[in-house]
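Asker: Below is the structure I would like to discuss, written out as structure tokens.
The values are calculated or read from the model by the stated rules, or taken from the named source; none is laboratory data. Predicted model only: the values in this text are computed from it and were never measured. Cβ atoms come from the backbone with ideal geometry, glycine included; neighbour counts cover every protein chain shown. Side chains included, ligands, DNA and RNA excluded: accessible areas come from the protein's heavy atoms. Shrake-Rupley method; radii C 1.70, N 1.55, O 1.52, S 1.80 Å.
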Amino acid sequence: MKRSILPGGAFLLLIAGTAHAAGLPLNFTEALVATGISSPTAMSFAPDGRLFVCQQGGQLRVIKNGSLLATPFLTVSVDSVGERGLLGVAFDPNFAVNHYVYVYYTVPSTPRHNRISRFTANGDVAVPFSETVILELNDLTTATNHNGGAIHFGPDGKLYAAVGDNATGSNSQTLTNLLGKVLRLNADGTVPSDNPFFNQASGNNRMIWALGLRNPFTFAFQNGTTRMFINDVGETTWEEINDGIAGSNYGWPATEGPTSNPLYRAPLFYYGHGGGPTVGCAITGGAFYNPATQNFPAGYTGKYFFADYCSGWIRVLETGGFTASDLASGISSPVDLQVGPEGYLYYLARGNGGQVYKVWYTANQPPQITTQPANQTVAVGQTATFSVGASGSPPLSYQWYRNGGVIPGATSPSYTTPPAALADNGAQFHCVVTNPFGNDTSSPATLTVTSNTPPTATIIAPALGTVYSGGQTILYSGSGTDAQDGALPGSAFTWQVDFHHDTHTHPFIPPTIGAAGGSFQIPNTGETSANVFYRIHLTVRDSGGLTHSTFRDILPRTVIITLASNPTGLQLTLDGQPVTAPFAVTGVVGILRSIGAVTPQRLGKIKYTFQTWSDGGAATHTIATPATNTTYTATFKQGGGPPR
């Protein structure tokens, strides 16, 4: 997603028993629906009430009757580097009869590209070999971000798909490819003849329904209407909620956020970048509140929920005056929102091991345990933390017990034991939650104490202080040792690589098990900021189940690129964005950038026409960021006429 997203995504290791509690308004509560969903990207309710969740690695999981089924509905082979992978799921409007399920995923074979396919359901699994390819999208560059991926059927029975620009802004403004667009197609993959660009584009490009988008990671239709909102992830300044209207051009890369340019449709709502309750870095989930059965108060009807991946909040948009208010905070990397058939709001979070939560409204209700404490295994001298989640009207009070006896002072949702001794092995812990309307008791959790000692993980390569350039291949390797097991085999290793940008992270290589080393290539396209680095994580696990984790950062080689004009003060472009010369920017060596000269243009009363760039390139051309500070000068001449 930003920048990417995945939506990006920060990966957080799940520690058994770790508590999660979103900040919610009075009389709202939440409950954990499912956990252990590896790198989730999107979810959708089937017409029969089952919740299907996409895992970036290619598995489509099913939550049925409140439980995550062990067997995936399907597994497709995907390229899951960066923001690629299994990214979207939708159900045919006639699902009850034809059992068709549609998915959007990145094909791993060369050339890499995204694909929309249809599968046929047989209960909770797909019929083997039932894949029917509906659409092959354009080939991808080495940039692994800006894939989009959301797919939904609209009220007109057509399939809509949101496609990112593959980190090349110019894709968004052309009718010659499908990137940076919202597409509209028939369920069988043919092109509706009433699409807005049917007579201007050719072939599959006639599927283009709207353009000028950067990374429309999510969008939503409002039940009972034709209204559609598109969430477009911004670059440096603004996140957008756009009114989805056929034929619209939302302006990327020429504009981001508010605009008065009549060529472009301005967003209905936008918010800035930063860390806080009303700003963020990547707009992710979106859902209208118009369920057949309502649980939230009447004032929420027709409003639009949206989430930010980096700031971890959910806000509520008033769809009349387009003002927003708070709903939830403290969520670990939300990527999707859905309203369930019972009127609850569901959110999908990548953090804490991948989780689905549901939020509902309650008043004057006794406590109900929503998250049971988990069994814990620790080594001698380590502590264990037991946690419980509960719903019900506030105030809620908590009391923990050990082997049936009260633990003095243990009155929080989580309880951390003193350092464990072997004598503590087998102890059981439970919690009683109370409010003015009643109480509820959790199930017991068992503490296992082992004399086993944790292993030690060591990253050997890359060495400390390693720096990288775009396009470079990075080799990584490590070792794992354990006092009881000795040198650990490759099967004990889990590697993960995260891409850090500014104050947030995006997934690059998801958790990968089974080897003491490997390699990855740094993309030379995609994120152009120099405020970036890659973090390589290694976790080793011994035969007793204890783990140790470590990480190593590799930083970019950076230089200063200066864009100048002769005469000075003329308009140039950098990656499609207008700048005034001279303009200096820090870049990462090897990353491809687009530089351009606006021609013709006026400075005061004088008209100027582009002549040459100092590197001999065309008026607009691509450069690889050089290894030393470099100035690129565009020379103009006075007067009109084409350059010679």
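Asker: Loop only per DSSP, at most 15 neighbouring Cβ atoms within 10 Å: give me the chymotrypsin sites (Phe, Trp or Tyr not before Pro) in the stretch 288-367, ordered by residue number.
Answerer: Values: sites: Phe288, Tyr289, Tyr300, Tyr304, Phe305, Phe306, Tyr309, Trp313, Phe322, Tyr344, Tyr346, Tyr347, Tyr357, Trp360, Tyr361; in loops: Tyr289, Tyr309, Phe322, Tyr344.
In loop regions of the stretch 288-367 (DSSP not H, G, I, E or B), the sparsely surrounded chymotrypsin sites (Phe, Trp or Tyr not before Pro) are Phe322.
Asker: Around Phe153, which amide H atoms from residues at least 5 apart in sequence, or from another chain, sit under 5 Å from its own amide H, with H modelled in the peptide plane?
Answerer: Correct list: Phe91, Tyr160.
Asker: Please report, for the Cα atoms of the stretch 487-644, the Rg to one decimal and the Dmax as a whole number; what are they, in angstrom?
Answerer: Here Rg and the maximum Cα pair distance are 22.7, 78 Å.
Asker: From the square roots a ≥ b ≥ c of the eigenvalues of the alpha-carbon gyration tensor of the stretch 145-295, which class results: rounded (a/c under 1.5), prolate (a/b over b/c), or oblate?
Answerer: On the way: a/c = 1.83, a/b = 1.14, b/c = 1.61.
Oblate.
Asker: Another question about this same structure. Amide H of Ala390: which non-local residues (sequence gap of 5 or more, or other chain) have their own amide H closer than 5 Å, using H built in the peptide plane?
Answerer: Thr370, Thr371
Asker: Could you tell me how many cubic angstrom of Cα convex hull volume the stretch 302-399 has per residue?
Answerer: On the way: hull volume 14.8 nm³, N = 98.
In the stretch 302-399, the Cα convex hull volume per residue is 151 Å³.
Asker: Taking only the Cα atoms of the stretch 226-292, how large is their convex hull per residue, in Å³? Kindly include the intermediate steps, with their values, before the conclusion.
Answerer: Details: hull volume 6.4 nm³, N = 67.
Once divided by residue count, the hull of the stretch 226-292 is 95 Å³.
Asker: Follow-up question, since we're still on this one. So what is the relative contact order of the stretch 298-340, in percent, for Cα pairs below 8 Å that sit 6 or more residues apart?
Answerer: On the way: 67 pairs, mean separation 15.8, N = 43.
This gives 37 percent for the stretch 298-340.
Asker: Could you work out the helix-only [θ] at 222 nm for the chain, with each DSSP H run of four or more residues adding -39,500 (n - 2.57) and the total divided by the number of residues, to the nearest 500 deg cm²/dmol? Spell out each step's value before the answer.
Answerer: On the way: 1 runs with 4 residues, N = 644.
So the calculated ellipticity at 222 nm is 0 deg cm²/dmol.
Asker: What would the Debye equation give as log₁₀ I(q)/I(0) for the stretch 64-166 at q = 0.14, 0.15, 0.17, 0.20 Å⁻¹, counting only Cα atoms as equal point scatterers?
Answerer: Normalising to I(0) and taking log10 leaves -0.57, -0.65, -0.81, -1.06.
Asker: What whole-number distance in Å separates the alpha-carbon centres of the stretch 493-556 and the stretch 155-231?
Answerer: So the separation of the two Cα centres works out to 34 Å.
Asker: Would you list the P(r) distribution for the stretch 402-524, with all Cα-Cα distances sorted into 5 Å bins from 0 and each bin expressed as a whole %?
Answerer: Bins of 5 Å from zero give 2, 7, 12, 13, 10, 9, 10, 12, 10, 7, 4, 2, 0 percent of pairs.
Asker: Mind pulling the per residue volume of the convex hull built on the Cα atoms of the stretch 495-556? Å³ is fine.
Answerer: Working: hull volume 5.8 nm³, N = 62.
Cα convex hull per residue, to the nearest whole number: 94 Å³.
Asker: Each residue of the stretch 365-375 in turn: what ³J(HN,Hα) in whole Hz from Karplus with 6.51, -1.76, 1.60 and θ = phi - 60°, glycine and Pro shown as x?
Answerer: Working through the residues one at a time gives 10, x, x, 9, 5, 10, 10, 7, x, 9, 4 Hz.
Asker: Right, something else. From the P(r) of the stretch 371-465, could you give the percentage of C-alpha pairs in the tail past 24 Å?
Answerer: Considering the stretch 371-465, 34 percent of its Cα-Cα pairs are separated by more than 24 Å.
Asker: Residues in the stretch 48-65, backbone N under 14 Å from the label point at Arg112 (7 Å along the Cα-to-beta-carbon vector): list them, ranges by number please.
Answerer: Hits in the stretch 48-65 for Arg112 at 14 Å: 57.
Asker: If you take the charge dipole of the stretch 525-644 about its Cα centre, with +1 on Lys and Arg Cβ and -1 on Asp and Glu Cβ, which of Asn531, His621, Thr547 is farthest toward its positive end?
Answerer: With unit charges placed on the Cβ atoms, the residue in question is His621.
Asker: Also, I was wondering about something else. Give me the percent of the accessible area of the chain that comes from carbon and sulfur atoms, probe 1.4 Å, all protein chains in place. Can you show the working numbers first?
Answerer: Details: 12990 of 24850 Å².
Result for the chain: 52 percent of the exposed heavy-atom area is carbon or sulfur.
Asker: Moving to a separate point now. For Asn629, enumerate residues with amide H under 5 Å from its amide H, sequence gap 5+ or separate chain, H modeled in the peptide plane.
Answerer: Amide H neighbours of Asn629: Ile560.
Asker: Still on this structure, please answer the following. Which value, in Å², gives the accessible area per residue of the chain when a 1.4 Å probe is used on the protein heavy atoms? Walk me through the numbers on the way to the answer.
Answerer: Values: 24850 Å² over 644 residues.
Using a 1.4 Å probe on heavy atoms only, each residue of the chain averages 39 Å².
Asker: Further question on the same structure: Two-decimal Rg/Rh of the chain from alpha-carbon positions, Kirkwood Rh?
Answerer: Details: Rg = 26.4 Å, Rh = 26.4 Å.
My calculation of the ratio gives 1.00.
Asker: Where Lys and Arg each count +1 and Asp and Glu each count -1, what net charge lies around Thr132 among other residues with Cβ under 14 Å from its Cβ? Present the calculation step by step, with values, prior to reporting the outcome.
Answerer: On the way: positive: Arg115, Arg118; negative: Asp92, Glu131, Glu136, Asp188.
Overall, the nearby charge balance is -2.
Asker: Next question, about the same structure. Restricting to Cα pairs below 8 Å that are 6+ residues apart, what does the relative contact order work out to for the stretch 193-314? Please round to a whole percent.
Answerer: Details: 257 pairs, mean separation 26.0, N = 122.
For the stretch 193-314, the relative contact order is 21 percent.
Asker: Further question: Which value, in debye to the nearest 20, gives the size of the charge dipole of the chain about its Cα centre, when Lys and Arg are +1 and Asp and Glu are -1 at the Cβ?
Answerer: Working: 31 positive and 35 negative charges, 248 e Å.
Dipole magnitude for the chain comes out near 1180 debye.
Asker: Using only Cα atoms, what is the ratio of the radius of gyration of the stretch 150-210 to 2.2 N^0.38 Å? Don't skip to the answer; put the middle values down first.
Answerer: Numbers: Rg = 11.0 Å, N = 61, 2.2 N^0.38 = 10.5 Å.
Compared with the compact-globule rule of thumb, the stretch 150-210 sits at 1.05.
Asker: Return the sequence-ordered ³J(HN,Hα) values of the stretch 531-543 in whole Hz as given by the Karplus equation 6.51 cos²θ - 1.76 cosθ + 1.60 applied to θ = phi - 60°, using x for Gly and Pro.
Answerer: 8, 9, 6, 10, 10, 9, 9, 10, 10, 10, 10, 8, 5
Asker: Pairing rule first: another cysteine's C-beta must sit under 4.7 Å. Under that rule, which cysteines of the chain stay single?
Answerer: Lacking a cysteine Cβ partner under 4.7 Å: Cys54, Cys431.
Asker: Okay, moving on. Determine ³J(HN,Hα), in whole Hz, for all residues of the stretch 284-296 in sequence, where each value follows from phi through the Karplus function 6.51 cos²θ - 1.76 cosθ + 1.60 and θ = phi - 60°; x replaces Gly and Pro.
Answerer: 10, x, x, 7, 7, 9, 9, x, 5, 10, 9, 10, 6
Asker: Sticking with this structure for a sec: Is the stretch 55-114 best put as rounded, prolate or oblate by its Cα gyration tensor, with a ≥ b ≥ c the root eigenvalues, rounded for a/c under 1.5, and otherwise prolate when a/b is larger than b/c, oblate when not?
Answerer: On the way: a/c = 2.77, a/b = 1.51, b/c = 1.84.
Note, shape of the stretch 55-114 comes out oblate.
Asker: Would you work out the relative contact order for the stretch 219-265, in percent, from Cα pairs under 8 angstrom that are 6 or more residues apart?
Answerer: Values: 57 pairs, mean separation 12.6, N = 47.
It comes to 27 percent, rounded to a whole number.
Asker: Remind me, what semi-axes does the stretch 420-462 give for its equivalent ellipsoid, largest first in whole Å, using sqrt of 5 times each Cα gyration tensor eigenvalue?
Answerer: Values: eigenvalues 282, 65, 8 Å².
Largest first, the stretch 420-462 gives 38, 18, 6 Å.
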